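> The structure that follows is given in the form of structure tokens.
The values are calculated or read from the model by the stated rules, or taken from the named source; none is laboratory data. Quantities reported herein were computed from a predicted structural model and do not represent experimental measurements. Backbone-built Cβ (ideal geometry, glycine too); neighbour counts: all protein chains shown. In case anyone asks, the SASA skips ligands and DNA or RNA and just uses the protein heavy atoms, side chains included. Shrake-Rupley method; radii C 1.70, N 1.55, O 1.52, S 1.80 Å.
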Amino acid sequence: MNLKTDLYINGEWVKGNGTLPVYDPSTGKVIADVQTAGDEECMAAVDAAFAAQKSFAKSAPRVRAEILRRAFDIMIAEADEIAKLISMENGKVFSDAKGEVMYAAEFFRWFSEEAVRTPGDFRKSPSGDKRILVTHQPIGVSLLITPWNFPAAMATRKIGPAVAAGCTMILKPAGETPLTALYIVDIMERAGLPKGVLNFVLPSKTGPMLSKVLHDPRVRNLSFTGSTEVGRVLLKECSDLVIRTSLELGGNAPFLVLDDADIDAAVAGAMVAKMRNGGSACTAANRFYVARSVADEFTTKFSAAMQGLKMAPGLDDGAQLGSSVSVKERNKIAALVDASVSSGASVITGGKTPEGDGAFYPATVLKVEKSNSILKQEIFGPVAPVVIFDTDEEAIELANDVEYGLISYVYTSDLARGIRTAEALEAGMIALNRGVVSDPAAPFGGVKQSGLGREGGFAGIHEFLETKYIGVEI
Ligand code: NAD
């Protein structure tokens, strides 16, 4: 396997100030030691990105588009190898990992198409005294910080628009999953990205070292995907130099099954919405609100489907639920379930941590009251609390009663009722009669404390562009 473990700065693979072990969470064994960056390497990455910024901004959009298109082709050709690597360092099953690679590659294809279509504007001013010329320019050096749950897609969702826009980058992946990010950096090098445009660091002291990067006036943009907690810290860090921020943060998605829903379709959708990535997705359905008249049927069928999943190491044949990314993350999930049971939840299936070294937790369905503490938390694992509701208004009120607003799911047979409900739900994205909506061609992002800005779609490239207005005397 093409395993890169060095830092990548100014087009060179270099050693840093130490190493960080990367584990296979399904066995607990070390699979690689990756170089870590000290202050010196972090600042060298800023130097390289800044030095490359001017010429990259001037490069032809078509040239940047073709680099992205080549990166797409390489990623598709090597999809199985990348999926295996994701599964090894993240714990997710191979089919989920392969799905992620295809999704991740699509960001390169989409933004290769967007690179040559940036719109501008030229108009006569209403008073007729001048012409209004509006154009877009790359923001400049961008720090990209990604989480462990989608190590490929969260990187390409940022690298794609940054390259399309003409921004240079410093990529910092999660410490749990740096190998996939390194593989993507290697793809970008092979696709012909000029030196200095994309730099890779894994700081040995994340907070203080990245704080220094965000206090260097040459850095103009932060694109962060991760928890709301860390997002808040970074938003404060960015306030000192008024750095542009794009934040894709945590979720706590409600999944509403209205009384006229097709229950088999709702169960199939619930399985995708809850169990894609073993439940560790920001879009994962986190709370199931089911109308009283269909609650028994939904819960029985959903629990049977959850119970039927084969839990095994991600690369085992037929594995449907892999391990969590670490024992620490798995223990967090177990603690949420235990607290929920202590406050009155009943376990319908799952709910017990298995013996052994791997970070496994079984598919779990809980029946809970509306006030149960688990409904306020992002579970980030294969656990589904089910709550009964009586009216649509009540379901909407419960759904909106959290600090998050990333995505909400609705199942109903009445499209008008579905759209009314979708409009009333406080979320950046709504899945109507679907278990998944993520699409590189659509704007992804949240409201409330789930984030600022949008990735993908026509909006995605604008997270890396400034708008410039030129008033022209004529
Ligand atoms: P996290 O916030 O702990 O870490 C995310 C990244 O930030 C990692 O690379 C981490 O090393 C880095 N980081 C941590 N502290 C930092 C600091 N002080 N300064 C700079 N960087 C710092 O999140 P995680 O556990 O890796 O990922 C899970 C979270 O990500 C969940 O809350 C999930 O909902 C969220 N997420 C959101 C989206 C989205 O698009 N909205 C997508 C995927 C994951």
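> Any residue in the stretch 176-184 that is within 26 Å of Phe458 (Cα to Cα) and either crowded, with 23+ Cβ neighbours inside 10 Å or not small (Gly, Ala, Ser) (or both)?
Within the stretch 176-184, the subset within 26 Å of Phe458 (Cα to Cα) is 181, 184.
Restricting the remaining residues to those that are either crowded, with 23+ Cβ neighbours inside 10 Å or not small (Gly, Ala, Ser) (or both) gives 181, 184.
Within the stretch 176-184 (the criterion being within 26 Å of Phe458 (Cα to Cα) and either crowded, with 23+ Cβ neighbours inside 10 Å or not small (Gly, Ala, Ser) (or both)), the answer is yes, since at least one residue qualifies.
> Any residue in the stretch 289-311 that is over 19 Å from Gly251 (Cβ atoms), part of a helix (DSSP H, G or I), within 16 Å of the ligand (Cβ to nearest atom) and not charged (D, E, K, R)?
Taking the stretch 289-311 as the starting set, the residues that turn out to be over 19 Å from Gly251 (Cβ atoms) are 290-311.
From the residues that got through so far, the ones that are part of a helix (DSSP H, G or I) too are 292-307.
Next cut, within 16 Å of the ligand (Cβ to nearest atom) only: none.
The answer is no; no qualifying residue exists.
> Conditions first: (1) without any contact (Cβ under 8 Å) to a residue 12 or more places away in the chain; (2) outside the structural domain of Pro203 (by TED's automatic domain parsing). Asn2 passes all but one, so which condition is the exception?
Of (1) without any contact (Cβ under 8 Å) to a residue 12 or more places away in the chain; (2) outside the structural domain of Pro203 (by TED's automatic domain parsing), only one is false for Asn2: (1).
> Return the residues of the stretch 164-189 that are touching a Lys or Arg at 6+ places or on another chain (Cβ under 8 Å) and either within 12 Å of the ligand (Cβ to nearest atom) or basic (Lys, Arg) (or both); say none if nothing qualifies. Walk me through it before giving the result.
Quick first cut of the stretch 164-189, residues touching a Lys or Arg at 6+ places or on another chain (Cβ under 8 Å) only: 164, 166, 169, 171, 179, 182-183, 185-186.
Scanning the stretch 164-189 gives a single hit, Leu171.
> Let me ask another. Go through Pro147, Pro161 for me and flag whichever is within 16 Å of the ligand (Cβ to nearest atom), in contact with a Phe, Trp or Tyr (Cβ under 6 Å, 6 or more places away or on another chain) and within 28 Å of Gly457 (Cβ to Cβ). Steps first, please.
On the way: Pro147 fails: in contact with a Phe, Trp or Tyr (Cβ under 6 Å, 6 or more places away or on another chain).
Sole residue among the options that is within 16 Å of the ligand (Cβ to nearest atom), in contact with a Phe, Trp or Tyr (Cβ under 6 Å, 6 or more places away or on another chain) and within 28 Å of Gly457 (Cβ to Cβ): Pro161.
> What number of residues within the stretch 106-144 are within 18 Å of Phe200 (Cα to Cα) and out of contact with any Phe, Trp or Tyr (no Cβ under 7 Å at 6 or more places or on another chain)?
The qualifying residues number 3.
> So, one more: What single numbered condition from (1) open to solvent by 10 Å² or more (accessible area, probe 1.4 Å); (2) near the ligand (Cβ under 8 Å from one of its atoms) fails to hold for Gly251?
Status for Gly251: all satisfied but (1).
> Among the residues of the stretch 23-56, what is the count of those that are of a type in the set (A, V, I, L, M) and open to solvent by less than 20 Å² (accessible area, probe 1.4 Å)? Walk me through it before giving the result.
Looking only at the stretch 23-56, we keep the residues that are of a type in the set (A, V, I, L, M), and these are 30-32, 34, 37, 43-46, 48-49, 51-52.
Still in the list and also open to solvent by less than 20 Å² (accessible area, probe 1.4 Å): 32, 34, 37, 45-46, 48-49, 52.
Total satisfying the criteria: 8.
> I've got another one for you. For Thr168, state whether it is open to solvent by 40 Å² or more (accessible area, probe 1.4 Å), in contact with a Gly (Cβ under 9 Å, 6 or more places away or on another chain) and over 29 Å from Phe380 (Cα atoms).
Spelling it out, it is not the case that Thr168 is open to solvent by 40 Å² or more (accessible area, probe 1.4 Å), in contact with a Gly (Cβ under 9 Å, 6 or more places away or on another chain) and over 29 Å from Phe380 (Cα atoms).
> How many residues are in a strand (DSSP E or B), away from the ligand (no atom under 12 Å from the Cβ) and open to solvent by 30 Å² or more (accessible area, probe 1.4 Å) when one looks only at the stretch 446-467?
Our first condition is that a residue be in a strand (DSSP E or B); within the stretch 446-467, this holds for 451-452, 455, 465-467.
Filter again for away from the ligand (no atom under 12 Å from the Cβ), leaving 465-467.
Then drop every residue that is not open to solvent by 30 Å² or more (accessible area, probe 1.4 Å), which leaves 466-467.
Here the count works out to 2.
> Would you call Thr206 open to solvent by less than 40 Å² (accessible area, probe 1.4 Å) and within 12 Å of the ligand (Cβ to nearest atom)? Break it down into steps so the answer makes sense when it comes.
Numbers: open to solvent by less than 40 Å² (accessible area, probe 1.4 Å): no; within 12 Å of the ligand (Cβ to nearest atom): yes.
When the stated conditions are applied, Thr206 does not pass them.
> Taking into account only those residues within the stretch 351-397 that are under 19 Å from Asp260 (Cβ atoms) and open to solvent by 20 Å² or more (accessible area, probe 1.4 Å), which is nearest to the ligand (Cβ to nearest atom)? Reasoning before the result, please.
First, pick out the residues of the stretch 351-397 that are under 19 Å from Asp260 (Cβ atoms): 386-396.
Right, trim to open to solvent by 20 Å² or more (accessible area, probe 1.4 Å) and you get 388, 390-394, 396.
Details: Ile388: 26, Asp390: 30, Thr391: 30, Asp392: 27, Glu393: 28, Glu394: 26, Ile396: 22 Å.
Residue satisfying both the conditions and the ranking: Ile396.
> Does the stretch 78-86 include one or more residues that are farther than 30 Å from Val272 by Cα, in the same structural domain as Ile159 (by TED's automatic domain parsing) and out of contact with any His (no Cβ under 7 Å at 6 or more places or on another chain)?
So far as the stretch 78-86 goes, no, none of its residues is farther than 30 Å from Val272 by Cα, in the same structural domain as Ile159 (by TED's automatic domain parsing) and out of contact with any His (no Cβ under 7 Å at 6 or more places or on another chain).
> Now, a different point. Checking the structure you have, find out if any residue of the stretch 424-437 is within 16 Å of the ligand (Cβ to nearest atom) and charged (D, E, K, R). It would help to see each step written out before you state the result.
First, pick out the residues of the stretch 424-437 that are within 16 Å of the ligand (Cβ to nearest atom): 426-431, 436-437.
Among the residues that remain, those that are also charged (D, E, K, R) are: 426.
Checked against the condition, which is being within 16 Å of the ligand (Cβ to nearest atom) and charged (D, E, K, R), the stretch 424-437 yields at least one hit.
> Hey, does the stretch 96-117 have a residue that's of a type in the set (Ser, Thr, Tyr) and open to solvent by 40 Å² or more (accessible area, probe 1.4 Å)? Walk me through it before giving the result.
Going residue by residue through the stretch 96-117, those that are of a type in the set (Ser, Thr, Tyr) are 103, 112.
With the extra rule that they be open to solvent by 40 Å² or more (accessible area, probe 1.4 Å), the set shrinks to none.
Within the stretch 96-117, none of the residues are of a type in the set (Ser, Thr, Tyr) and open to solvent by 40 Å² or more (accessible area, probe 1.4 Å).
> Something else: Would you point out which residue out of Met275, Met271 is away from the ligand (no atom under 11 Å from the Cβ), in contact with a strand residue (DSSP E or B) (Cβ under 8 Å, 6 or more places away or on another chain) and not assigned by TED's automatic domain parsing to the domain that holds Val93?
Details: Met271 fails: in contact with a strand residue (DSSP E or B) (Cβ under 8 Å, 6 or more places away or on another chain).
Exactly one residue qualifies, and that residue is Met275.
> If you check Leu214 against the conditions, is it touching a residue at least 12 places away in the same chain (Cβ under 8 Å), out of contact with any Pro (no Cβ under 6 Å at 6 or more places or on another chain) and either open to solvent by less than 20 Å² (accessible area, probe 1.4 Å) or not polar (S, T, N, Q) (or both)? So that I can check it myself, show each step before the final result.
Working: touching a residue at least 12 places away in the same chain (Cβ under 8 Å): yes; out of contact with any Pro (no Cβ under 6 Å at 6 or more places or on another chain): yes; either open to solvent by less than 20 Å² (accessible area, probe 1.4 Å) or not polar (S, T, N, Q) (or both): yes.
Against the criterion (touching a residue at least 12 places away in the same chain (Cβ under 8 Å), out of contact with any Pro (no Cβ under 6 Å at 6 or more places or on another chain) and either open to solvent by less than 20 Å² (accessible area, probe 1.4 Å) or not polar (S, T, N, Q) (or both)), Leu214 qualifies.
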